[in-house]
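A.B. asks: Provided herewith is a single structure, encoded as structure tokens, for subsequent inquiry.
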Amino acid sequence: MWILENAFLIPLIPAVSFLVILLFGRSVIGAERVHKVGITAVGIVWILSMIAAVSWITQVEDATSSKADDAEHALVSVNEGLSASGSGAVDGDLYLAAEDDGHGSDDGHGYAAGPDPVISTADGWWSSGGIDFAVGTLVDGQTVLLLVVVTSISLLVHIYSSEYVKGDRRFVHYYAFLSLFTASMLFFVMAQNLVQMIVGWELVGVCSFVLIGHWWEERPNTDAAVKAFLTNRVGDIGLLVGVAILFGTFGTFDIDSINRAVGEMGSEVHFAMLMASIALMAAVCSKSGQFPLHTWLPDAMAGPTPVSALIHAATMVVAGVFMIGRLYPVFFEGFSIGTSSINLMAFIGGFTALIGAGLAFAQWDIKKVLAYSTVSQLGYMVMALGVGAWTAAMFHLFTHAFFKACLFLGAGSVSHAAHHTFDMREMGGLRKYMPHTYKTFVISTLALAGIFPFAGFWSKDEILLGALKGQESRYLLMLVFGCVVALLTAAYMTRVIWYTFWGEYRGHGHPHESPKVMTVPLWILAVMAVVAGAFNLPTPVLELFGLERFAHLVQTYAEPTHYLNAIGLSHPGPEWEMAAAGLVLALAGIAITFMYYWRNTGPHGLTERNRYAKAGYTFLEQKYYLDHLYTDIVVGSIKAPIARAANWVNNNVIDLVVNRAGEGARDSGRWVYRWIDQGTIDNTVNALGSGADAGGQGLRVMQTGKVQNYGSLLFGTAAVVAIVFVIVL
Amino acid sequence: MVAQNIAFGIIAGITVLAALGMVTTRNIVHAALFLVAVLGGLAANYVLLAAEFIATTQVLVYIGAVMVLFLFGIMLTRAPIGRIPQMTGASWPVAALSALALGGVTVYALIDRFGTDSLATDSTVFRTADVSDSVFSQYIVPFEAISVLLLAALIGAVVLARRD
Amino acid sequence: MLLNQFLLLGALLFAVGVYGVLARRNGVMVLMSIELMLNAVNLNLVAFGLQHDVVSGQVFALFIIAVAAAEVGVGLAIVLLLYRNRRSIAVDEFDLMKG
């Protein structure tokens with residue numbers, strides 16, 4: 001278990017690689033060889049991560065087998081727990097199957113208690129104002145899961161990039177920041193306290209910024225980078241506020257202590273947790289591209305495609321999902337996930353999944369389709385967490401990382417072949433020229449669409465199941481969202497395949513298959529897209545083959561039972577009907593699109609003929625006008641120089657108001673003069689009118705525009721206020 | 001004690017007179033020199049208050065660096081050497097009134113609150129080591145924030161003053 | 001020694017600084033007067049630190065010195081820019097915001 005206690009080595013290696021590449025890349029190593037440094041470093045880290053995963057699994061096995069002795073007499077209490085927790089929440093058959101395997105439980109919550117997380121800390125990182133900040137690592141199943149995902153995808157992307165970005169003017173820079181990103185992400189997932197988490201969170205944000213703007217000579221790329229950075233800043237405020245609330249409530253930044261404290265205190269801290277959850281939700285919205293802060297993610301596709309695959313599809317954007325999972329007791333208590341039937345997190349997730357899928361239809365850029373698909377799938381994960389399906393969310397994170405990375409790298413391969421365009425209108429017919437890319441793309445599409453038996457089917461089914469059963473009551477709206485999205489996902493991905501790989505080639509030149517160094521990573525990812533679902537198969541499926549002991553591997557090994565037990569999370573049992581419904585929806589989505597494009601049936605040209613359809617299409621094409629809202633209305637109103645605004649206020653408002661008031665008074669005076677009285681009141685009214693006018697002019701004099709006059713007013717007022725406070729009061 | 005009080009009297013007198021001289025003189029270079037006298041007087045006051053490190057820093061940073069900066073500013077903006085008739089704006093009576101009101105109320109409040117409280121004589125003398133211990137442990141975050149602020153100011157000043 | 005003698009000195013210097021900021025026409029002189037005000041505050045901090053037997057007074061005085069240095073740097077850059085654009089640093093000549 002050495003590696004679990006010394007997990008800091010894992011982010012350290014790519015960090016060293018970053019420094020080596022940055023400092024010696026051009027001079028000592030040579031620009032054309034730096035990728036070998038990066039690949040070696042990430043390769044070592046990948047091996048270490050695998051060792052860590054094996055160590056963790058051994059640890060879980062040890063912990064559960066030592067408890068197996070107690071399982072015999074625990075059985076009685078378990079059955080009590082089962083009957084107490086209701087019929088919908090825990091599936092008896094599933095549970096007893098696990099029981100035979102020795103996964104005994106003595107807590108009555110329906111699943112085995114795993115080992116405690118491995119925490120190693122070095123105290124005295126720094127201290128300020130009497131608070132000591134420790135630094136350390138927290139390794140548990142969730143961390144290990146992310147370690148495997150991040151290092152695997154990163155390794156493949158490193159290899160793929162060596163061909164894709166070859167000859168780039170900033171090849172060294174590119175590999176340096178790829179290494180730094182890997183280091184930051186690994187640092188983030190094993191953060192022991194919230195401060196470290198913030199550091200990792202910001203570091204991945206910086207790497208994302210740098211890599212989106214990799215080709216910064218072109219204006220749209222820098223704009224996209226700045227947009228991503230600024231949008232993330234909005235959410236970071238939420239993160240800081242949320243962390244501050246948690247610190248204020250529990251007096252510690254330690255994640256382990258906070259999670260345990262929430263489990264113990266429960267509803268005592270409900271309000272504080274609600275506030276913290278709302279604040280942290282803002283951070284999740286920005287980092288994980290949730291509505292309404294998702295707009296940066298499609299623009300982030302301006303970066304190189306492997307970066308999109310690694311950062312903006314598989315790893316960095318799941319940081320928000322990971323954070324929710326890490327602090328799950330906080331959210332569980334804050335949003336009352338256990339008892340409600342709708343909550344903010346579930347709604348945001350479901351809504352994002354829906355609008356992301358809708359937007360994916362109106363895009364012509366293949367990467368943007370995939371980007372909106374990512375937004376949509378991230379929404380799925382957040383929704384899963386919102387309905388209490390922790391395992392389903394993490395499982396979907398795991399499977400999604402592989403097939404979405406494969407899709408992005410496939411899109412990169414297509415663009416590499418088709419002369420660096422991402423516009424699907426200039427592709428078509430590529431299946432003849434690029435068989436490997438085509439096959440891997442189709443496999444990943446089927447996985448994303450959730451077709452049996454590909455990986456996405458299993459994870460999506462678990463999410464739908466989570467929404468169907470919920471914790472105490474079902475999340476009906478989320479279930480509807482999830483089903484609609486399942487249909488839409490299959491449909492828009494089929495559209496991509498039609499435009500990219502079928503029909504006649506519409507671009508220039510002769511497309512060609514990418515070299516092996518690109519197709520091999522594609523095939524590895526495609527294989528993962530097929531088999532990744534095997535890591536969390538439900539028991540009834542495996543019973544058919546007598547392999548029950550491999551059921552729910554993610555649930556058994558990745559779940560932080562030490563936290564989730566305390567909050568009373570339950571697992572839904574599998575339902576054939578739900579799985580069948582999900583599959584039927586996905587197949588229907590594919591079938592509809594197939595009929596529309598291949599068989600040419602359905603309402604073609606509807607958007608030209610029907611103005612309602614056209615309006616709807618434009619609405620989608622303009623991304624629900626959110627960008628306009630942000631740039632034209634929100635930013636535009638702030639961007640105007642404050643001086644000009646103040647000047648305008650002086651010129652127009654103060655003058656106008658005062659003058660108008662004066663004039664108004666004067667006019668009304670005349671009105672009175674003319675219509676009511678021409679004698680005594682006349683003079684009074686005129687005096688009032690001109691008095692207001694003069695008052696306006698007098699006030700106008702105060703606005704001299706000279707800073708010292710304003711200063712005099714400031715200090716004079718301060719003096720008067722001070723006199724009031726000191727002498728009068 | 002008497003010696004200290006005499007010293008304080010002399011220093012305070014010089015400081016206040018120099019301050020008044022600074023805001024009334026018509027010669028801008030003289031004003032800068034008066035400011036040096038004020039800052040030096042304050043450094044002497046810090047010594048009286050047993051704050052050796054602050055006194056040293058005051059001399060090094062203010063008299064050494066900030067004053068040079070001011071002289072550069074005077075030089076670069078081509079301020080005329082010698083007496084300038086229009087050194088004070090037309091609204092100086094308002095300014096004087098504000099300053100008098102503010103100073104008056106502060107003085108009143110101080111006398112009202114602290115009267116003739118004598119300075120604690122048994123308090124610890126914080127040496128440079130104590131100050132640095134505190135800065136680098138308890139106040140490390142503000143310290144880092146200050147360093148970032150200085151960097152930002154550095155870049156800001158370069159950007160502002162650059163000819164392009 | 002009395003606590004008040006230092007506090008009163010600080011108060012007087014602060015008032016003089018306020019007058020300088022409000023009355024002087026030259027931008028550099030305004031900045032100098034601001035320095036005077038900051039120093040007056042520093043004197044207060046150090047005096048109170050001694051009175052209450054805490055080191056924080058001195059630490060914050062140090063911070064103020066650092067902030068003041070930054071402020072002078074940026075302030076002089078602004079004055080310089082004004083001079084370059086308008087050939088004058090008389091602060092009462094700038095009244096673009098006049099109502």
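A.B. asks: Within the range A:509-600, considering only helices (runs of 4 or more DSSP H) that don't extend past its boundaries, which have at least 3 residues that are within 24 Å of A:F322 (Cβ to Cβ) and in the same structural domain as A:Y475 (by TED's automatic domain parsing)? Spell out how you get there, then give the answer.
C.D. replies: Details: elements: A:516-531, A:539-543, A:553-558, A:561-567, A:576-597.
Result: A:516-531, A:553-558, A:561-567.
A.B. asks: For the range B:41-57, how many residues meet the condition of being of a type in the set (A, V, I, L, M), in contact (Cβ under 8 Å) with a residue 60 or more places away in the chain and more than 9 Å from chain C (Cβ to nearest Cβ)?
C.D. replies: 0
A.B. asks: Still on this structure, please answer the following. Given A:T421, A:T437, which one is modelled with pLDDT of 85 or more and in the same structural domain as A:L564 (by TED's automatic domain parsing)? Steps first, answer last, please.
C.D. replies: Details: A:T421 fails: modelled with pLDDT of 85 or more.
After applying the criteria, what remains is A:T437.
A.B. asks: Tell me, which helices (runs of 4 or more DSSP H) wholly within the range A:369-475 include 3 or more residues that are touching a helix residue (DSSP H, G or I) at 6+ places or on another chain (Cβ under 8 Å) and surrounded by 24 or more Cβ atoms within 10 Å (Cβ to Cβ)? Outline the logic, then answer.
C.D. replies: Numbers: elements: A:390-417, A:430-433, A:435-449, A:455-469.
Per the criteria, A:390-417, A:435-449, A:455-469.
A.B. asks: Residue by residue through the range B:123-143, note down the ones that are within 17 Å of B:Y46 (Cα to Cα) and either at the interface with chain C (Cβ under 8 Å from one of its Cβ atoms) or touching a Pro at 6+ places or on another chain (Cβ under 8 Å) (or both).
C.D. replies: The answer is B:S123, B:T124, B:F126, B:D130, B:V131.
A.B. asks: A follow-up question, please. Please specify each residue of the range A:692-722 satisfying the condition of being away from chain C (no Cβ under 14 Å) and surrounded by 15 or more Cβ atoms within 10 Å (Cβ to Cβ).
C.D. replies: Selection gives A:A692, A:D693.
A.B. asks: Next question. Determine, yes or no, whether A:G320 is buried (at least 24 other Cβ atoms within 10 Å of the Cβ) and small (G, A, S). Working first, answer last.
C.D. replies: Working: buried (at least 24 other Cβ atoms within 10 Å of the Cβ): yes; small (G, A, S): yes.
Taking the combined requirement at face value, the residue satisfies it.
A.B. asks: Please verify whether A:G25 is farther than 30 Å from A:E559 by Cβ, in contact with a helix residue (DSSP H, G or I) (Cβ under 9 Å, 6 or more places away or on another chain), in contact (Cβ under 8 Å) with a residue 24 or more places away in the chain and part of a helix (DSSP H, G or I), treating the condition exactly as stated.
C.D. replies: Details: farther than 30 Å from A:E559 by Cβ: yes; in contact with a helix residue (DSSP H, G or I) (Cβ under 9 Å, 6 or more places away or on another chain): yes; in contact (Cβ under 8 Å) with a residue 24 or more places away in the chain: yes; part of a helix (DSSP H, G or I): yes.
So A:G25 fits the description; yes.
A.B. asks: Which ones in the range A:1-21 are surrounded by 22 or more Cβ atoms within 10 Å (Cβ to Cβ), at pLDDT 85 or above and either touching a strand residue (DSSP E or B) at 6+ places or on another chain (Cβ under 8 Å) or of a type in the set (A, V, I, L, M, F, W, C) (or both)?
C.D. replies: Scanning the range A:1-21 gives A:I10, A:F18, A:I21.
A.B. asks: Can you pull out the residues in the range B:77-96 that are part of a helix (DSSP H, G or I) and facing another protein chain (nearest Cβ under 7 Å)?
C.D. replies: Across the range B:77-96, the qualifying residues are B:W92, B:V94, B:A95, B:A96.
A.B. asks: Now for a different question. Here are the criteria: (1) farther than 28 Å from A:A300 by Cβ; (2) surrounded by fewer than 17 Cβ atoms within 10 Å (Cβ to Cβ). Tell me which single one A:L240 does not satisfy.
C.D. replies: For A:L240, the failing item is (1).
A.B. asks: So which residues in the range B:106-122 are within 18 Å of C:V46 (Cα to Cα), more than 7 Å from every other protein chain (Cβ to nearest Cβ) and among the acidic types (D, E), if there are any at all?
C.D. replies: Passing the criteria: only B:D122.
A.B. asks: Which condition breaks for A:A302 when tested against (1) small (G, A, S); (2) surrounded by fewer than 23 Cβ atoms within 10 Å (Cβ to Cβ); (3) over 19 Å from A:Y563 (Cβ atoms)?
C.D. replies: For A:A302, the failing item is (2).
A.B. asks: In the list A:R660, A:R666, A:R674, A:R644, which residue meets the criterion of being farther than 25 Å from C:F14 by Cα, away from chain C (no Cβ under 14 Å) and at pLDDT below 70?
C.D. replies: Working: A:R660 fails: at pLDDT below 70; A:R666 fails: at pLDDT below 70; A:R644 fails: away from chain C (no Cβ under 14 Å).
The conditions single out A:R674.
A.B. asks: Taking the range B:8-40, which residues are more than 10 Å from chain C (Cβ to nearest Cβ) and at pLDDT below 90?
C.D. replies: Once the filter is applied, which keeps residues that are more than 10 Å from chain C (Cβ to nearest Cβ) and at pLDDT below 90, the range B:8-40 yields B:R26, B:N27, B:V29, B:H30.
A.B. asks: Another question, then. Which one of A:I337, A:I311 is assigned to a loop (DSSP other than H, G, I, E, B) and surrounded by 24 or more Cβ atoms within 10 Å (Cβ to Cβ)?
C.D. replies: Numbers: A:I311 fails: assigned to a loop (DSSP other than H, G, I, E, B).
Every option except A:I337 fails the conditions.
The values are calculated or read from the model by the stated rules, or taken from the named source; none is laboratory data. Just so it is clear, the model here is predicted, and its values are computed rather than measured. All Cβ positions, glycine included, derive from the backbone under ideal geometry; neighbour counts span all protein chains shown.
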